[in-house]
1. Has region B:5-13 got any residue that is under 12 Å from the mean Cα position of the chain (by Cα) and facing chain A (nearest Cβ under 9 Å)?
2. When residues of region A:466-485 are filtered for being in a loop (DSSP other than H, G, I, E, B) and either within 25 Å of the chain's Cα centre (by Cα) or without any contact (Cβ under 8 Å) to a residue 24 or more places away in the chain (or both), how many remain?
3. Among the residues of region A:359-412, write down those that are more than 14 Å from every other protein chain (Cβ to nearest Cβ) and at positive phi.
4. Condition (residue is within 16 Å of ligand 1 (Cβ to nearest atom) and modelled with pLDDT of 95 or more) applied to region A:3-14: is it met by at least one residue?
5. What are the residues in region A:450-465 that are surrounded by 14 or more Cβ atoms within 10 Å (Cβ to Cβ) and either on the phi > 0 side of the Ramachandran plot or under 37 Å from the mean Cα position of the chain (by Cα) (or both), if any?
6. Which residues, taken from region A:25-49, are closer than 29 Å to residue A:160 by Cβ and either within 14 Å of another protein chain (Cβ to nearest Cβ) or away from ligand 1 (no atom under 14 Å from the Cβ) (or both)?
7. Give, as residue ranges, the helices (runs of 4 or more DSSP H) completely inside region A:321-428 that count at least 3 residues that are more than 16 Å from ligand 3 (Cβ to nearest atom).
Ligand code: SF4
Ligand code: SF4
Ligand code: SF4
Ligand SMILES: [Zn+2]
């Protein structure tokens, strides 16, 4: 990812955009954080937030007219937050003054004429930057127009105390200052480096019209620069109304301009975000209960502490995180896509040190839900798949990450399972049933039944292809492997005379459609939909079923429709889940999530299972099995027509383990060959004939450790052949190991006649090196 | 530092040689990185035992670190 792409991705996620209140505030107080602290009664921290940005907070905090409220998101669900009143309440708390360190003093001297709020702001800002500031107040008392404020809001005593604090900070205040109008502004510029005219209290025009230039003063808004060099002005803002915070803002901008003028730096650079601006932040308000503002019980004193806390609690703490709300993976890593982009970028560019985000990148299920719920359509899956492909091609993909899944894929593509034939006795195929590896692995009976059904209801020859579409290679980012496997698949298809493939797996559908577009495909569901009279309903479901669309059908409205049409035509009631169709969720199997990060995958499917109390119906085996693994009652669409043994409730069928999935596939192939083609294909290897017995807890353990029965059989077979094993006299147990490829498997077992009872099994990838080679 | 319970190890003996196991130097290797450690082996034929706690604990941890390097 180059720098430009990184920036593009980053700017797509708007989670870090400011909330409306902050964007609307002329001086951009971090209102959201302020309210967060108020809500939890942390007044000290709340005050620090105000003071970080607000000039003369003791004054402005009491009188701010809060234009931010007009844009508060809360107003869409109730009334806007009373931000101004809460600030006022905060200022009335007895809080210790945080210490601020003055900057090293500069030898530049600035004159501020007039001491209303904009003048005080200039004095506040510039004195904090180390300038010498002198306020020249023509009146008898500092404060200018502030002296006319409602004394209940701004008691005169507070005003004079706050002004005194400015003096303590080094600002000189001269009252009864006489300004020589005739020679203005040169008369003042003789002794100062720049002048600020606080216009809300001073008739600036008058001052200038009598001055030597006689020019009309012209102020450039936002910069508060005037047409006279060295003279800056502001504070009258919008003439239509009196707004302390706007006046303060103009003072602040003037202070910035003065600073740049004195240092002779660019007057305009980087100032686009001064004053209110548009924010791109999105905050969803659906489902938020509308609430009115907390009333002020005593208008003279404003909110009490409790009232202010109650009012602050209404704040929505605006943020986006739409994607994080629906995706347990995004939640797991405690941030949001903007942050993840950076982490993923750093992971790729790290020179020394670890690739810290490998697991993050490999954990995404690539389901694409984030893109659907994101207001900016941020597609985390595109980012993750690209990163995986780079990791593979740059050779830093952790070898263990996808090995188990890739070996499973290899198994499906080996002669143990794969098969491509015309129907028995046929020489050509108009169609070819392609059930996919996982339907075959989970419920081979469906494959038998569906193949019979298709042959009896379609004409033109219905071939059969048992294989894997290479989705695991795609998910892991192994593009070359995927390409090779797909071209093998394609040549088998060509040999069959390019039949139209009838697919029963939505992942296959996704892969074929996107990566093998030359192959004509149709889903089994569309076939059933068109022929529905032929299929008798065998599993009656009286209650409604909640429908779970597999995430790989997200953009396949037609496929989703056919499934619903089938259900409707049989009178089966369905409930749509809130996250359905385009917004459907993953089952945790996609993207090899469950291979890499089983904990997150469990959360994903748990969250899905909890969405409805009804039984679920779906049309992907892995989705069905994942749901079942949480204990949720779930059936596959095919269960309605081919429920299997009558004694078994299809909604309760457990999720088969990894070893069963292999055995089912191998057996499916040999059963089909025997039944339909009258061929015997005994291909069992010697170790596979060993009889293994395991208690359920041991079975669960090896399942979790991703150790297959065939791995165990190989260890024992090797131990018998080589005699290399350990013995524990106390328990009469054996322990032996074998390393078929990249993993060493250890098995503890005992032998009873021809049976091997397994007590434990574990594995490691590190190789033990002996003199002759590795063990 | 011990990464596994040695008493568990002592209970095993080499079935081929009927010999007890003793700790001895062994090299382990992963992704081109080699480490010298001590593991229980048969005193006679040198058959090496990797205890479960080591395999699932320290070894797995080092494997992970090396994979992310
Ligand atoms: S609800 Fe809170 S965070 Fe959102 S705009 Fe209003 S004050 Fe700001
Ligand atoms: S798992 Fe799905 S929703 Fe979550 S980040 Fe990946 S693609 Fe997006
Ligand atoms: S939905 Fe997620 S990715 Fe999109 S803007 Fe919001 S936080 Fe960012
Ligand atoms: Zn020995």
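1. Checking region B:5-13: not a single residue is under 12 Å from the mean Cα position of the chain (by Cα) and facing chain A (nearest Cβ under 9 Å).
2. Residues of region A:466-485 that are in a loop (DSSP other than H, G, I, E, B), as a first pass: A:467-470, A:477-478.
Filter once more, keeping what is either within 25 Å of the chain's Cα centre (by Cα) or without any contact (Cβ under 8 Å) to a residue 24 or more places away in the chain (or both): A:477-478.
Summing the residues that are in a loop (DSSP other than H, G, I, E, B) and either within 25 Å of the chain's Cα centre (by Cα) or without any contact (Cβ under 8 Å) to a residue 24 or more places away in the chain (or both) in region A:466-485 gives 2.
3. Listed by number, the residues that qualify are A:366, A:368, A:377.
4. Taking region A:3-14 first, the residues within 16 Å of ligand 1 (Cβ to nearest atom) are A:14.
When the remaining residues are screened for being modelled with pLDDT of 95 or more, the result is A:14.
Yes, region A:3-14 contains at least one residue that is within 16 Å of ligand 1 (Cβ to nearest atom) and modelled with pLDDT of 95 or more.
5. Scanning region A:450-465 gives a single hit, A:461.
6. Once the filter is applied, which keeps residues that are closer than 29 Å to residue A:160 by Cβ and either within 14 Å of another protein chain (Cβ to nearest Cβ) or away from ligand 1 (no atom under 14 Å from the Cβ) (or both), region A:25-49 yields A:26, A:27, A:43, A:44, A:45, A:47, A:48.
7. Working: elements: A:322-326, A:328-332, A:337-349, A:358-363, A:369-373, A:380-393, A:403-413.
The qualifying helices (runs of 4 or more DSSP H) are A:337-349, A:358-363, A:380-393, A:403-413.
Residue-wise test of (1) modelled with pLDDT of 85 or more; (2) touching a strand residue (DSSP E or B) at 6+ places or on another chain (Cβ under 9 Å); (3) surrounded by 20 or more Cβ atoms within 10 Å (Cβ to Cβ).
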residue: A:212; (1), (2), (3): no, no, no
residue: A:225; (1), (2), (3): yes, yes, yes
residue: A:233; (1), (2), (3): yes, yes, yes
residue: A:237; (1), (2), (3): no, no, yes
residue: A:241; (1), (2), (3): no, no, no
residue: A:244; (1), (2), (3): yes, no, yes
residue: A:251; (1), (2), (3): yes, yes, yes
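The values are calculated or read from the model by the stated rules, or taken from the named source; none is laboratory data. All of these numbers come straight from a predicted model, not from anything done at the bench. We place every Cβ from the backbone using ideal geometry, glycine too, and count neighbours over all the protein chains shown.
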